[in-house]
Amino acid sequence: MDEAEVKRIAHLARIALSDEEIQGLKKDFADILGHFRTLDKLDLSKTPPVSHPFRLKNVFREDIIKDSLGSERLLENAPAKNRSMFQVPQVIENKS
Amino acid sequence: MSDFSFKTATELQSTLRDTKAAEALDSYYKARIEKLNPSLNAVLRTGHMASGKKGKLSGVPFLIKDNICVKGWEVTCASRILKGFISPYHATVIEKLLEEGAVLLGQANMDEFAFGSSCETSCYGPTKNPWNNAHTPGGSSGGSAAAVSADFCTMALGSDTGGSIRQPASLCGIVGLKPTYGRVSRFGLVAFGSSLDQIGPLSRSVKDAALCLGAIAGFDPKDSTSLDVKVPDYMAVLGESVKGMRVGIPKEYFDDSLAPDVKSQIDEAIQILVKEGVELVSVSLPHTRYAVPTYYVIAPSEASSNLARFDGVKYGLRSQKASDMISMYNSTREEGLGREAKRRILLGTYALSSGYYDEYYLKAMRVRSKMVEDFDAVFKKVDCLVTPTSPTGAFKLGEKMNDPWAMYLSDMYTISANLSGVPAISVPCGLTADGLPVGVQFMAKAFDEASLFKMSYAFESKSKKSSLRPKLA
């Protein structure tokens, strides 16, 4: 994995990185991805994937209305809020 | 005043019926924390919460890993990005503990978001091992393990995604249980790897672990992965004979990676079981060597998705540098997340990204299938498996911090139980040449914690190694 690839992944994950961090991660990933290569030794052509230890199917429940915490309570932890909403930096560009 | 030192919950049970004694126990722990925690850094915050109800855990003081939500308390996962977050609700396990009369004493240190095997990635600094302050307590529930080992509480709750309860329990000389996937509700546990995470107890005896699991286990409509399977009376099976039970020794767990002074303790543990009349069966879990790479594709992939919620919008830190939305996300996560958290999120993002998904994530899910088949096959032949919990005793602080793969390998014997979902317990079985604790791990088939408790209790009663204590100032 080269520097550009680390930057591409960091952009996907929305994490800004310093140059020093990029160099460190490049080295770490080369090592870690190398160890992942051991999985190539296995013939997996007939093996189905599992995402979960037990093969759970969809779990349904009755749709019954219950008490919820309410927006006021949940907004108590917000870094910025406006009335009953989370406030974030401007998303839509100004028309120039 | 009663002698509370290093007492188990079951030993304290009759004493704690008296409210005054329960208060005295509380003060005893608070005083120990005040005196010894500055050097150990196992406890992040102290508090007091109790329902006053009587139940299975009346008056028993607990510390809680800092990734389990306690209503009205700050919960941070030892990360800068969650500092200041006050939980608006209780995790289901907390409701159950309070319902059964337990007392919450505070919260324990951990690796940031449970990413680590040494408790060194915490934004609050590392926890030290009570047996030797130059060594780590293991992780990620290192604060919980060190706190039980140092007698800061009677029991603690931890979470185990790849060994995070059992490995620190082993390295601190206490008992640690990872229940079957689906046995205990994860509602209110901050998610790391959702197909792997389980909450479980850290305690000073197998009996206490059984007592605690009986209190926290069971189906919860708030966690759709908790399964509606009957919870047996675990206390009732303790003391039953293990004569004739078949114990599997998987050869892959006794290779060159295992330190000789750990191996000798495990061999002795196996001999104790033989004297108790178990039948040893040599077995193989052929895909064991693939466990670490498989896990380090799957767990970071799930983590990268779960941690997307920490974006500076709803709770916790928001970077003050940003002017627009995208740079707000980028800077918040840059400032709020530590080195290992970034490493794992990026690794997982990579494994799930377009063009690499088949090569990494899909492949790892297929290998996981093989490992589930290994365990299914082996549990047709035996009732229980016995292995080391960790390949070595507690390693030194800083020893593995610059070599991620070396750190990941310290979970090599614990990860398979998470990938296959089976329950596993670590029980003290002796000391290394350096006088550091060694744990023996028992695994049983899914939802058969009863066999696990029966076997490990029989071992503990004969070995008496759970009563080894660190020499603290």
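The values are calculated or read from the model by the stated rules, or taken from the named source; none is laboratory data. Keep in mind that what you see is a predicted model, and the values were worked out from it rather than measured. Every residue, glycine among them, receives a Cβ derived from its backbone with ideal geometry; neighbour counts consider all protein chains shown. With ligands, DNA and RNA removed, areas are computed over all heavy atoms of the protein, side chains included. Shrake-Rupley method; radii C 1.70, N 1.55, O 1.52, S 1.80 Å.
Miscellaneous remarks
- Only one of the listed residues (B:A308, B:A269) is of a type outside the set (F, W, Y), more than 9 Å from every other protein chain (Cβ to nearest Cβ) and either closer than 29 Å to B:P437 by Cα or surrounded by fewer than 18 Cβ atoms within 10 Å (Cβ to Cβ) (or both). That residue is B:A269.
- Test: residue in the range B:71-84 that is within 14 Å of chain A (Cβ to nearest Cβ), of a type in the set (A, V, I, L, M) and touching a Cys at 6+ places or on another chain (Cβ under 6 Å): yes
- Single condition A:R83 does not satisfy, out of (1) among the charged types (D, E, K, R); (2) at positive phi; (3) facing chain B (nearest Cβ under 9 Å): (3)
- For the range A:51-66, the count of residues that are at the interface with chain B (Cβ under 9 Å from one of its Cβ atoms) and of a type in the set (G, A, S) is at least one.
- Within the range B:79-100, residues that are free of Cβ contacts under 8 Å to residues at least 24 places away in the same chain reach partners that are crowded, with 20+ Cβ neighbours inside 10 Å and among the aliphatic types (A, V, I, L, M) with beta carbons closer than 8 Å, at six or more positions or on different chains, in the pairs B:I86/B:V75.
- Meets criteria (more than 7 Å from chain A (Cβ to nearest Cβ), within 23 Å of the chain's Cα centre (by Cα) and at pLDDT 95 or above) for B:I345: no
- If you go through the range A:1-47 and keep only what is assigned to a loop (DSSP other than H, G, I, E, B) and either open to solvent by less than 60 Å² (accessible area, probe 1.4 Å) or more than 8 Å from chain B (Cβ to nearest Cβ) (or both), you end up with A:D2, A:A13, A:I15, A:A16, A:L17, A:S18, A:L42, A:D43, A:L44, A:S45, A:K46, A:T47.
- Single match in B:R45, B:R32 (criterion: farther than 24 Å from B:S14 by Cβ, of a type outside the set (F, W, Y) and touching a residue at least 60 places away in the same chain (Cβ under 8 Å)): B:R45
- Residues that are within 30 Å of B:F447 (Cα to Cα), open to solvent by 50 Å² or more (accessible area, probe 1.4 Å) and more than 24 Å from the chain's Cα centre (by Cα) were ranked within the range B:348-376; the one that is farthest from the other protein chains (Cβ to nearest Cβ) is B:E373.
Listed here are the residues, each with its yes/no results for (1) of a type in the set (D, E); (2) farther than 23 Å from A:E21 by Cα.
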{"residue": "B:N330", "(1), (2)": "no, no"}
{"residue": "B:A341", "(1), (2)": "no, no"}
{"residue": "B:L346", "(1), (2)": "no, no"}
{"residue": "B:L362", "(1), (2)": "no, yes"}
{"residue": "B:D376", "(1), (2)": "yes, yes"}
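- Checking B:G125, B:G158 one by one, the residue that is away from every other protein chain (no Cβ under 14 Å), open to solvent by 10 Å² or more (accessible area, probe 1.4 Å) and not acidic (D, E) is B:G125 and no other.
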